[in-house]
Structures are given as C-alpha cells and as structure tokens.
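Any read-out appearing in this document is the output of simple, stated calculations on the displayed coordinates, not a laboratory observation. This is a predicted model, so every value here is computed, not measured. As a convention, Cβ positions derive from the backbone with ideal geometry for all residues, glycine included, and neighbour counts pool all protein chains shown.
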Amino acid sequence: MIIAGGKGTRLSSITSITPKPLVKIHGKEFIYYLIDELTKYNFKKIIILTGYLHKQFDKFIKDNKKKFKVNIKTFYTDEKYETGKRIFLAKHLLDKNFLLLYGDVIVDINLNDVKKNFLRSKKLLQVLAYNNKDNYSKSNLKLSKAKDVLKYQKNNYSNMTHIDLGYMFINKKVLDFLTKKNVNFEKNIFPKLIKKKQIKAYEIFTRYYSIDDFEKLNRAKNFLEKKKFVFLDRDGVVNIKPKKGEYVQNWKNFKWKSGVLRAFALLKKKNYSVVIVTNQAGIARKKMTLKNFHEISLKMKMEIDTKGGQLLAIYFCPHHWNDNCDCRKPKPGMLIQAQKDFNLKLSECIFFGDSKVDKEAALNAGCLFVDVKNDDNLYSKIKKYLK
C-alpha cells in the first residue's frame, strides 16, 4: 500500500497542478520508480491510497498498464483525512501481512531481506530505520541493541538516533488499534506498539531519498539518474599483491597486474566511473606512511590517465584490524561512503575483488561481486560484465 494523497505544499509551484508522487524525474513519475522497485520483489498487488488530485493517479495507471506486470488499484479518501483514518478505511483491501510505504520516499534496499527479517522477528510491525550518525536529517527513533524500537518522537528529536523512513512491514492485527478517528498513523500506533514491545527496526546505513522540498528533489534526481559504477580492490586486483604481512611501501614496489591499464581505458570508453576501495592496515602498523600511500595513489591516477583511463576516487581504511572501525572490509563502510558521496544505487554497482573480505563487503553493501583470480587478466574479466 502506497500512501499518496498529500498536497506537497513545499513543492507548491509544481504540486499545485500535480500530486507529489506524480512529479516527473528523468521523464518518469516518482511513483513509477517506486512501483518498478516493488515489481522486482514479486509483489502481486499494489494499492495506491489517493486523495489530492486523485484522478491523475487513475490516468497514470491506465497509461502504464502494459509496463507493470502487477495488479495496481487506487483507493480514494478525502485529502483532509490523516494517514491513520485513510489506512483504516482501506483495511478490507489488505492481506494478513503487507508493506506500507509513502509515495515520496525511495530506498535502494533488498526488500526480500527486509521481509524475512520481519517474519523472523514475529513482531506486529517492522520499520525501516536509517542510522542517522551523519545527521542527514532529523532523527525520530531510538533503538535497542537488538533493534527494537524504544522511542518514537514526531516533534522532539533529542536523544533520537535513527530516522523512520515510512517503509513498514505490518501484520494486519495492527489495524485493530485504529478507529475512524482522523489521526496520524505513526503518531497514534507507534506508542501503543512500543508499549507492547511489538516494533522491530531494520537498520540501514545507505541513504534514502525523498521529494519533500526542492533540495531533496534535486538529490533524488541525482540518485535516480542512470549511473555506471565499478568498485575495485587494489592489492591483488589492480597491482600485484605483496606477500602476507608486507605492503606496497612506495612506487617502486607497485607493479600493475596484467590488463589493468587497458581495463581502465575500456571502462572510461564505456562511461563507467571507477572507484578503488582498499584496506591499508600497514599505515596503522607503521609499515608504511600515509604520505607514501597518497604518493602511490597520485602516481597511479597519473599513469591511468596517460593510458586513456580514469580513476574517480580512492577510499582506504588506514586502521588496524583490531580497531573495530566501520570502514575496514568486510564491513561495507567505504562502499556506503561512496554511495553517499555519489548518490549511488549500490545494487547496480559491480565490485571486482580477490578475497573473502571483498566478497563479504560487496554482499553487505548489496553490490554484485566478481571474483578476480591471481592469474586473471582484468581487461578480459571486466569486458564480460560491461553493458
């Protein structure tokens, strides 16, 4: 069920004639991208709760009937109604378990994993919660270590740590707490379920995108723009890997692997952006210096450029493996930082790595992983995966 009935007053110059979820981005309505994501996860029925300018949604469905292999219907309620009353009036349309989301927010997330977590938890409701340690927006949730929701505050953000994204897997029993009263769904339901310890959170670290105002709309446009990104590990993929416990300490120690410079040129020709993500514990172990690493990185970029390639960025973890940092692979911290910096869909990115920690980092971030063997020619390997 997609809630899509509000006026979107902060986009009034557009939404005076178009409902917010039908605002076009790159030639397609925002809700088009939402529905397209849902169809990837085999949802069979989608209900759009309409209100403001509701007839435009009927036209949208008619115009896109052949594009979506899913049953899409609208259910109209008065635009003056709050979300709680609107959901209550539509409850006869819902299955035992359903996904509720808002028509102005999109997240790049594997919904199968989210659903499995919900069913495993046996809670009545599970909300998608963004870890807001980067102060992306105002937090309104507080979670326990076990990811149970302890507090929900709509207007008081002190001591909150996460953001409720409006993506909720819900057991229909939750709707027994609703009446015909004109109330906000979360504000009315969350405190009741928190008391009963019935709200689980599925924590995410990658960015979500909304179209609440023009600044956020522009960010969403960037996110929904088609991008072609490749991540590469460094040692063992780009250059010959030193022996265990040893590090590339200077440019003289750096040796390109077979086909690498040709691969960079091919990637540039095919309009792929390339990012290196590399663990460099040798810095923390004082086997090499930060200055050495940056000098090697600069010379790498220069040689890649001279051979017709391009390297967009290098993310590295300088920490010791005992430091328990967020960036060292197999944790996905470097990939998540790249996601935030470039507004990426990690599910559409490819990670070429040569180790178990590379594979785990890629899977943790939701990227496609390609294993690079010691004797692989990187040009030949990459060529197979390019569009």
Hey, any idea what the orientation-averaged projected area of the convex hull of region 243-294's Cα atoms comes to, in nm²? 4.5 nm²
Between helix 333-342 and the chain, what is the angle of the helix's C-alpha long axis to the longest principal axis, kept within 0 to 90° and rounded to the nearest 10? 70 degrees
What dipole magnitude, in Debye to the nearest 20, does region 229-383 give about its Cα centre under +1 on Lys/Arg Cβ and -1 on Asp/Glu Cβ? 380 debye
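Applying a 10 Å radius around every beta-carbon, put 28-34, 375-381, 132-138 in order of their mean neighbour count, most first.
By packing density, highest mean first, the sequence is 28-34, 375-381, 132-138.
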Taking 0.36 nm per residue of separation between Cys325 and Ser137 and subtracting their Cα-Cα distance, the length gained on full extension comes to 65.3 nm
Only counting other Cβ atoms within 10 Å, I'd like Met300, Met334 sorted with the fewest neighbours first. Met300, Met334
Read-out Rg and Dmax of the Cα atoms in Å, derived from the coordinates shown; its label in (1) 28.3, 89; (2) 21.7, 75; (3) 23.7, 74: (3)
per DSSP, antiparallel bridges as share of beta bridges in region 229-383, % nearest 5, sits at 5 percent
Using a Förster distance of 30 Å, how high is the FRET efficiency between Phe177 and His26, based on the Cβ-Cβ distance and rounded to 0.05? 0.15
Calculated diffusion of region 229-383, Stokes-Einstein form, Kirkwood radius summed over Cα pairs, 25 °C and 0.890 mPa s, µm²/s: 158 µm²/s
Let a ≥ b ≥ c be the square roots of the eigenvalues of the Cα gyration tensor of region 116-254; is it rounded (a/c under 1.5), or, if not, prolate (a/b larger than b/c) or oblate? prolate
With 19 Å as the cut-off, how large is the P(r) tail for region 1-105, expressed as percent of Cα-Cα pairs? 39 percent
Test of understanding: ordering Cys327, Cys367 by Cβ neighbours within 10 Å, fewest first, what list do you get? Cys327, Cys367
Given axes a ≥ b ≥ c from the Cα gyration tensor, I'd like to know whether region 2-224 is rounded (a/c under 1.5), prolate (a/b larger than b/c) or oblate. rounded
Could you give the length gained on full extension between Asp375 and Lys69, defined as 0.36 nm per residue of separation minus the Cα-Cα distance, in nm? 105.8 nm
Quick check on the exposure proxy: order Ser16, Ser355, Ser347 from fewest to most C-beta atoms within 10 angstrom. Ser16, Ser347, Ser355
The helix 214-224 Cα axis meets the longest alpha-carbon principal axis of the chain at an angle in degrees, between 0 and 90 and rounded to 10, of 60 degrees
